Amino acid sequence: MPTTIDPPAPDTKSHKLWGGRFGAGPTPEFDALNNSIGVDFRLWPYDIRLSKAWAVALWGANVLTLDESKAIERGLDGVAARLAAGEQPLASDEDVHTLIDRLLHDEVGDVASKLHTGRSRNDQVATATRLWTMDLCQRLDHATRMLQGALLEQAESLQTVLMPSYTHLQRAIPVSAAHWLLAHFWPLERDRARLRAAAKSAAVLPLGSGAVAGCAYPISRVLLQGTLGFDALSPNSIDAVSDRDFIAEVLFTATMIGTHLSRLAEDLIIYGSSEFGFVQFGEGYTSGSSMMPQKRNPDALELARGSAARMLGDLTALLATLKGLPSSYNKDLQDDKRYLFDATDTLLLVLPATAGALSECRFRPERMAAALSSTMMATDLADYLVRRGATFREAHKAVGALVRESEASGVEMHALPFASFSAAHPRFAEDVVEALGAARSVAQREVEGGTGPEAVRVQLEAARTALLPPPTPRSSNAAV
Ligand code: ARG
């Protein structure tokens, strides 16, 4: 029987946070699969922040002396400075936490080894990802607001311009062009409320949960919460290390924004076709064709439309990952960041490009007006009869007969002889032509949320108010 055991083979290749119980090191194939540094490197500023707070928490728990805690904090500042100056990870760094640990050893030597006391990468990565997400929600809010601003600006200039509205992509009833554009403003307003809710879900602190069962040292999680700017503490350590609901919420919101952008893009693309001609695209967000010299293609808008599919894919991938997991942390969760970053990087490209493409669109009121035909006032004509005592059913039938006559004869409704009107219904009088005007049709729809000029004015006012910056929180005043 051997009386000694072989010491572990020194791992000369890489700095590891684990390995004591392993003889041989991991295979290159495993490293290639397992290393996440290529994805999670961007979390470094957040990992530094939480690590500094953790060093203080360990001092508070009497695990570190004040000097040790300060040395680690200074060392982490040094690491941050190196990374901010452009220092890149090594291929052998497993993930961002391992990278920072390696650089911290470089900066302060052995005392660095004490920082990982009582914590695990499980609560660490969850905390860093939440901090990153809290910032992200603000960036997304800003970019969404910019697009809303572009919509509002165009809408203000189109207040008195009339165009057809469509259902089933068939001409329906005239509307103010501002009303159509604002129909793309309000979905984004709902998205911003979703972003606020997702940011709140992210603002729950998992640090102190350890690997799964909670930290065994008396660290103050309440202090950590305050230092790191979280709203609440996670109530259960098993849940805390695997709760990715906040990522699902951000991905859903991103997908929803992507979907809304896609629909706006689709409207603009159709309206920009020669057949519609309501919109002329600018030069900054379009491209030409390598073959057809006449082309100007709305690429930015098409890419916005296409990107919604990517975001939906990322949301689906995350939900599919979560649904079969046993409780607590499992390595499948490492890919959460892949989906989160992919979807939101995409969105942060698409939002400003869509805003830019929209801002440089020139709308063509004359083409919009030319698309309005008196047949579109068929509903107004039925309403005319109702006001004169007919039932709506009866009126609908009478107007239907006039539409049929107009279609069969190729004569627009307003040009049909009065005899046709009185044959269709005895309550038609000579003033019926007035009911066939687009401006009149619009003017009658002053109900809240309608397309009447006053209703649209009120709507524009509400949209302007929605874009005002939120009131400054009292706490930031109290500090001065
Ligand atoms: N890179 C990992 C991730 O992103 C960190 C957590 C690893 N935890 C572990 N027990 N291996 O999920």
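Just so it is clear, none of the values below were taken in a lab; they were calculated from the coordinates. Please read all numbers here as calculations on a predicted model, not as lab measurements. Cβ: placed from backbone, ideal geometry, glycine included. Neighbour counts: every protein chain shown.
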Working out 0.36 nm times the residue gap between Leu17 and Thr65, then minus their Cα-Cα distance, what length gain in nm do you get to one decimal? 15.0 nm
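If you add up the charges near Arg387, with Lys and Arg at +1 and Asp and Glu at -1, over every other residue whose beta carbon is less than 14 angstrom from its beta carbon, what do you get? Present the calculation step by step, with values, prior to reporting the outcome.
On the way: positive: Arg388, Arg427, Arg440; negative: Asp380, Asp383, Glu394, Asp431, Glu434.
Around Arg387, the charge tally is -2.
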Rounded D (µm²/s) - segment 13-76, Kirkwood Rh over Cα pairs, Stokes-Einstein at 4 °C, 1.567 mPa s: 91 µm²/s
The helix 299-323 Cα axis meets the longest alpha-carbon principal axis of the chain at an angle in degrees, between 0 and 90 and rounded to 10, of 50 degrees
In square nanometres, what is one fourth of the surface area of the convex hull spanned by the alpha carbons of segment 151-208? 5.7 nm²
Subtracting the Cα-Cα distance from 0.36 nm times the residue separation, let me have the gained length for Lys200 to Arg388 in nm, one decimal. 62.1 nm
Would you mind ranking Trp59, Trp18 so that the residue whose beta carbon has the fewest other beta carbons within 10 Å leads the list? Trp18, Trp59
Quick P(r) readout (segment 214-253; Cα-Cα; 5 Å bins; whole %) gives 6, 18, 20, 27, 17, 7, 3, 1
Report, to the nearest 10°, how far helix 44-60 tilts away from the longest principal axis of the Cα atoms in the chain, using its own Cα long axis and a range of 0 to 90°. 50 degrees
To check you understand DSSP bridge types, tell me what percent of the beta bridges within the chain (both residues inside) are antiparallel, rounded to 5. 80 percent
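If you scale each eigenvalue of the Cα gyration tensor by 5 and take the root, what three semi-axes come out for segment 1-160, rounded to whole angstrom and sorted largest first?
Numbers: eigenvalues 341, 89, 36 Å².
Values for segment 1-160, descending: 41, 21, 13 Å.
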Can you sort Val386, Val125, Val222 so the residue with the fewest Cβ neighbours within 10 Å comes first? Val222, Val386, Val125
Over the Cα atoms of segment 383-450 the radius of gyration and the largest Cα-Cα distance (Dmax), both in Å, equal 12.5, 38
Sum up the charges of everything whose Cβ sits under 13 Å from the Cβ of Val433, counting Lys and Arg as +1 and Asp and Glu as -1, but leave Val433 out. -4
Cβ under 12 Å from Thr375's Cβ, Thr375 left aside: what net charge do those residues give with Lys, Arg +1 and Asp, Glu -1? -2
Inter-label distance, nm, simple model (7 Å from Cα along the C-beta direction), Ala32/Glu283: 4.8 nm
Taking Cα pairs under 8 Å and at least six residues apart, what relative contact order does the chain come out at, in percent? 15 percent
Exposure proxy order (Cβ contacts within 10 Å, fewest to most) of Thr117, Thr127, Thr144: Thr117, Thr144, Thr127
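Can you list the equivalent-ellipsoid semi-axes of segment 102-167, largest first and in whole Å, using the square root of 5 times each Cα gyration tensor eigenvalue? Show your work: numbers first, answer last.
On the way: eigenvalues 569, 36, 10 Å².
So the equivalent ellipsoid measures 53, 13, 7 Å along its semi-axes.
Sorted from largest to smallest, which semi-axis lengths in Å does the alpha carbon gyration tensor of segment 330-390 give for its equivalent ellipsoid, taking the root of 5 times each eigenvalue?
Values: eigenvalues 512, 97, 10 Å².
Taking √(5λ) for each eigenvalue gives 51, 22, 7 Å, largest first.
How long is the gain from Ala216 to Ala408 if the chain were fully straight, where each residue apart is worth 0.36 nm and the alpha carbon distance is subtracted?
On the way: separation 192, 0.36 × 192 = 69.12 nm, distance 8.51 nm.
So the chain would gain 60.6 nm between Ala216 and Ala408.
When ranked by the protection proxy of mean other Cβ atoms within 10 Å per residue, highest first, what sequence do the peptides 322-328, 376-382 form?
Averaged packing, sorted descending, gives the order 376-382, 322-328.
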Just report the Cα centroid separation between segment 308-374 and segment 92-160, whole Å. 19 Å
Tell me the Kirkwood radius of the chain: reciprocal of the mean inverse pair distance over distinct alpha-carbon atoms, in Å. 27.1 Å
Expressed in nanometres to one decimal, the distance between label points 7 Å along Cα→Cβ at Gln444 and Lys323 is 4.9 nm
Measure off 7 Å from each Cα along the Cα-to-Cβ vector at Asp431 and Glu366, then give the distance between these two points in nanometres to one decimal. 3.4 nm
Highest average packing first - 206-213, 290-297, 404-411, Cβ atoms within 10 Å: 206-213, 404-411, 290-297
Taking alpha-carbon centroids only, segment 398-473 lies from segment 200-244 a number of Å equal to 58 Å
